[in-house]
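To start, the structure under review is shown below, and the notes come after it.
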There are 4 protein chains.
Amino acid sequence: MAVNDADCKHLFDNRYGTGQSAWEGVIRATNLSIAGSVAVVVGYGFVGKGVAMRAKGLGARVIVTEVQPIRAIEAIMDGFEVMPIVEAARLGDFFVTVTGNRDVIAGEAFEVMKDGAVLANAGHFDVEICKPHLAKLADRVEIVRPNVEAYRLRDGRTLYLLAEGRLVNLICADGHPVEVMDMTFSLQLLGLHHVITNRPVPGLHSIPLDIDTRVASMRLAAWGTSIDMLTPEQKLYQASWE
Amino acid sequence: MAVNDADCKHLFDNRYGTGQSAWEGVIRATNLSIAGSVAVVVGYGFVGKGVAMRAKGLGARVIVTEVQPIRAIEAIMDGFEVMPIVEAARLGDFFVTVTGNRDVIAGEAFEVMKDGAVLANAGHFDVEICKPHLAKLADRVEIVRPNVEAYRLRDGRTLYLLAEGRLVNLICADGHPVEVMDMTFSLQLLGLHHVITNRPVPGLHSIPLDIDTRVASMRLAAWGTSIDMLTPEQKLYQASWE
Amino acid sequence: MAVNDADCKHLFDNRYGTGQSAWEGVIRATNLSIAGSVAVVVGYGFVGKGVAMRAKGLGARVIVTEVQPIRAIEAIMDGFEVMPIVEAARLGDFFVTVTGNRDVIAGEAFEVMKDGAVLANAGHFDVEICKPHLAKLADRVEIVRPNVEAYRLRDGRTLYLLAEGRLVNLICADGHPVEVMDMTFSLQLLGLHHVITNRPVPGLHSIPLDIDTRVASMRLAAWGTSIDMLTPEQKLYQASWE
Amino acid sequence: MAVNDADCKHLFDNRYGTGQSAWEGVIRATNLSIAGSVAVVVGYGFVGKGVAMRAKGLGARVIVTEVQPIRAIEAIMDGFEVMPIVEAARLGDFFVTVTGNRDVIAGEAFEVMKDGAVLANAGHFDVEICKPHLAKLADRVEIVRPNVEAYRLRDGRTLYLLAEGRLVNLICADGHPVEVMDMTFSLQLLGLHHVITNRPVPGLHSIPLDIDTRVASMRLAAWGTSIDMLTPEQKLYQASWE
């Protein structure tokens, strides 16, 4: 079951879970102020949207980098600046990668970064930030706080890498808030139950919409929130449209 | 061609276009302050998200009503309150309907609204707010400002209906900002060109992704914005994942 | 009575009133999208804070220019960019002046602005934007929409001046929302009553704090909002501190 | 020297410093999601404004309680709900006190709180939350995570008190970000220098404006930010006004 594609997973876990926990990781590791800083968010998928939204909510000026034009204009319409990573590299105080790809901060970008810039990954494996290149530029690497490596570059600048480039929200914080994990675990459990009950043909299956909706309804009930229901007339009207 | 389903249409036209122009319509019609008010947004689809986001951005306390559990928790995670319309009706200063359905404000909701509440529709036809029911409660209806009808209810309260329940952004403002319409028109033109060139079988077709992306790229170019491109290594890495 | 210095005046009228009505004026005059644009706010006093906050709330990337260091860092901590006007001039789509001073956009700034930039004043008299200099750069001036003058510059660019540089919120919109004016008028009335009753020595007097508080309390009552009251123990505790 | 009254202190340290570090303390202690929660901020002074702004930025629905009418309407105009603490007590998931007063959460408020509510103080001493009353309602108190005391109430509910009611940003996080402390220490140092150099009469003195401005200018220089300067003509014009 492709739990990660369910709405209850990617909307809530990826966007809201990582949005908070990535910055919690950065703050806990560095004790720096996000307000007044320039935060560069590399990637504007679900996780990137959450990370950018929280950076703004914490008072940062936010720059987004992207490779997809549609996401890029979405970021601009959301009030963010968009530019190539090499330009953003000159401006950023914090960089958070959330692409699922490799070497999204690499080469030339390291060469123009400000002294003291902080690099963190909240996307995926520890290949988003190109550590081999960073190591090549450095004289030596020191651990200056728990989970904070100072790369002392030969040109005198220092770049700080958090969590060795691994997931900053898992290493420097406690991962997702528990309410968010609740939803993910519920999807996994009900997905498993669906597999056992319905025995679909082997292969990758989406979480059925009714399971997704059921998990959402349980979450609302836990909050004590009621919502409206369509009347028979409204269902009819809607059906006449679709 | 289902232009309305293209990302460049529903993301930008529906969310950002209507988000701004609906409130511009409300403000122009009423000259009331959105800051300090309670704004009830009925529906949390693309248009509803834009209308809610702008209400918050203008300083309102925002309440969302929904019929779909997933959208309801999305609204809550975005920081909004969610409740049934009959409860929201007691609290709202402004109501904006954006559902595409009928009678989403009706019956009991009118009976508990505050004296002076303002009702507007930014979703669809003039059936979202149930005008017949409103008329039945009223003694008389007066036009108190252009596009503002005061329903003088028999119990002494006044409810203000904007634009006779038709689209407030078109009637009370100038519709979408021109930059947003640019994108919609480009999609329509390129969609038409696609039909002429490729002669697909008759039926409803999606806008091909490459047209959607091309419109987005032109929009970025018009802004003078550059974005990154995947390297061959990154394309390979991404492909190994998907 | 220096009504303008009362909290109920400068907090609400200046910050929230002009914040909304200045953008309402810009949108009504131009029908352009604020989301996705770069808005330059010249001055970060009470009015500037309101104008910047609403620009952000409408989806703009906001740049602030200032002459006072403390206000400049306040703007940065609020998540805005700060730079000299000559640099901001290259980036802005919209410029709103709110300084109370003269020629705050002038000379070199006009020369580097983007083709199509929109200039508006929400601060004071029509001297904030230096019209004589703008006229000198222009070949001719055309009115292209009500309250929108197109300055056709000799180098081919067009700059749009709203409301002839006079207050955009009064000329292009309906001025302050009525709820905000309520508070200002209440202050004026109670201030006048205070003068008649207490006959202070001639000169400029502040609005007494109890009048300011009384107006605020009436505003809360009109909203149906209750607040807490200090207990005798709390008053004692607080007094022991101050 | 009343360092706490300097703009560079109360604007930045109190508002932005505590705004971030209080929530960092709450998140680190509890690993709960702020997005989707109801955050009650008790007090809307400089610290309260920062704490409320960040709660909103992290995705909470924010309720403010106050005893001063002017601050209460300021909170409403900022988009927050305002109500007495006894009403807010029924709704809140998180409570953060920032008043400088005592027993601002006490008595009846505890009795109506939701099971699982989290109580933290970011204002002052550990008297803002009335611990004796809380203890009286409880059967027993357990430490369930570091700095998290679970008060097991006799009616079956659990209320969580962070840091024993002492400053949550100091106990559960690392206090102010370093950039904010820089400014406070600079004020203290230059204030001390002023005392030694100018030997004012004994008593409580304000930080002179030029020291405040100088600290702000150094902060801007450290960011590499330039700002505008008034021209002689502008100084003259401004002087003609004031």
When you take every Cα atom in segment C:42-157, what is the radius of gyration, and what is Dmax, the widest Cα pair distance, in Å?
-> 14.1, 42
May I ask for the Kirkwood hydrodynamic radius of segment C:82-127, worked out over all distinct Cα pairs and given in angstroms to one decimal?
-> 10.8 Å
Dipole in debye (nearest 20) - the protein assembly as shown, about Cα centre, beta carbon charges: Lys, Arg +1; Asp, Glu -1 | 0 debye
Inter-centroid distance (Cα atoms) of segment B:173-215 relative to segment C:16-44, Å | 30 Å
Under 11 Å from the Cβ of C:A109, count the other residues' Cβ atoms, weight Lys and Arg +1, Asp and Glu -1, and hand me the total.
-> -4
Between B:V178 and A:L209, what FRET efficiency comes out of the Förster formula 1/(1 + (r/R0)^6) with R0 = 45 Å and r the beta carbon distance, rounded to 0.05?
-> 0.75
Using θ = phi - 60° and the Karplus curve 6.51 cos²θ - 1.76 cosθ + 1.60, what whole-Hz ³J(HN,Hα) does each residue of segment A:176-193 get, with Gly and Pro shown as x?
-> 5, x, 4, 4, 6, 5, 3, 5, 5, 5, 4, 4, 5, 5, 5, x, 5, 4
Per-residue Cβ neighbour rank within 10 angstrom, fewest leading, C:M183, B:M113 = B:M113, C:M183
Shielding score for B:220-227, defined as the mean number of other chain Cβ atoms within 10 Å = 6
For A:H193, inter-copy label distances in nm, listed shortest first [label point 7 Å out on the Cα-Cβ vector] = 5.2, 6.5, 6.9
Which residue fluctuates the most in chain A, going by a Gaussian network model with Cα springs under 10 Å, if the choices are A:S226, A:S21, A:S37?
-> A:S226
How many times 2.2 N^0.38 Å is the alpha carbon radius of gyration of chain D?
-> 1.18
Tally Lys and Arg at +1 and Asp and Glu at -1 over the other residues with C-beta under 12 Å from the C-beta of C:V62: what net charge comes out?
-> +2
For B:K136, go through the lysines and keep the ones whose alpha-carbon is under 25 Å away, minus same-chain ones fewer than eight residues off.
-> A:K235, B:K114
Charge-dipole axis of segment C:18-157 as Lys and Arg at +1 and Asp and Glu at -1 on Cβ define it, positive-most pick from C:A89, C:H133, C:A35 = C:A35
Among B:L236, B:N169, B:S226, pick out the residue whose Cα is farthest towards the positive end of the charge dipole of chain B, where Lys and Arg carry +1 and Asp and Glu carry -1 on C-beta, about the Cα centre.
-> B:N169
Taking Cα atoms only, helix C:46-57 is inclined relative to the longest principal axis of chain C by an angle, in degrees rounded to 10, of 70 degrees
Taking the Cα-to-Cβ direction at B:F185 and at A:E142 and moving 7 Å from each Cα, how far apart do the two end points lie in nm?
-> 6.1 nm
Direction-averaged shadow area of the convex hull around the Cα atoms of segment A:175-227, nm²?
-> 4.6 nm²
For the C-to-D rotation axis, chain C residue with nearest beta carbon and its distance in angstrom = C:M53, 5
Enter the mean number of other protein chain beta carbons within 10 Å of the beta carbon of each residue in C:91-101, as an integer.
-> 2
Contact order normalised by residue count of chain B, Cα under 8 Å, 6+ apart, percent = 21 percent
When a/c is below 1.5 the answer is rounded, else prolate if a/b is larger than b/c, else oblate, so apply that to segment C:115-235 with a ≥ b ≥ c taken from the square roots of the Cα gyration tensor eigenvalues.
-> prolate
At A:R145, label 7 Å along Cα→Cβ: distances to the other copies, nm, ascending?
-> 2.0, 4.8, 5.1
Starting with the fewest neighbours, write out A:E81, C:E87, D:E128 ranked by other beta-carbon atoms found within 10 Å of each beta-carbon.
-> C:E87, A:E81, D:E128
Over the Cα atoms of the protein assembly as shown, compute the convex hull volume and normalise it per residue, giving Å³.
-> 206 Å³
Distance between modelled label sites at A:E111 and A:L230, nm, 7 Å Cα→Cβ extension | 5.8 nm
Using only the alpha carbons, work out the radius of gyration and Dmax of segment D:115-186 in angstrom.
-> 14.6, 51
Taking C:D126, C:D228, A:D139 and counting other beta carbon atoms within 10 angstrom, the fewest-first order is A:D139, C:D126, C:D228
Could you pull the copy-to-copy label distances for B:E164, with points set 7 Å along Cα to Cβ, in nm to one decimal and sorted shortest first?
-> 3.8, 7.1, 7.1
What percent do you get for the relative contact order of segment C:114-174 when only Cα pairs under 8 Å and 6+ apart count?
-> 42 percent
In debye, nearest 20: dipole of chain D around its Cα centre with unit charges on the Cβ of K, R (+) and D, E (-)?
-> 420 debye
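Laboratory data are not the source of any read-out in this text; all were calculated from the coordinates shown. On a predicted model such as this, the values are computed, not experimentally measured, just so you know. Note that we place each Cβ from the backbone using ideal geometry, even for glycine, and neighbour counts take in every protein chain shown.
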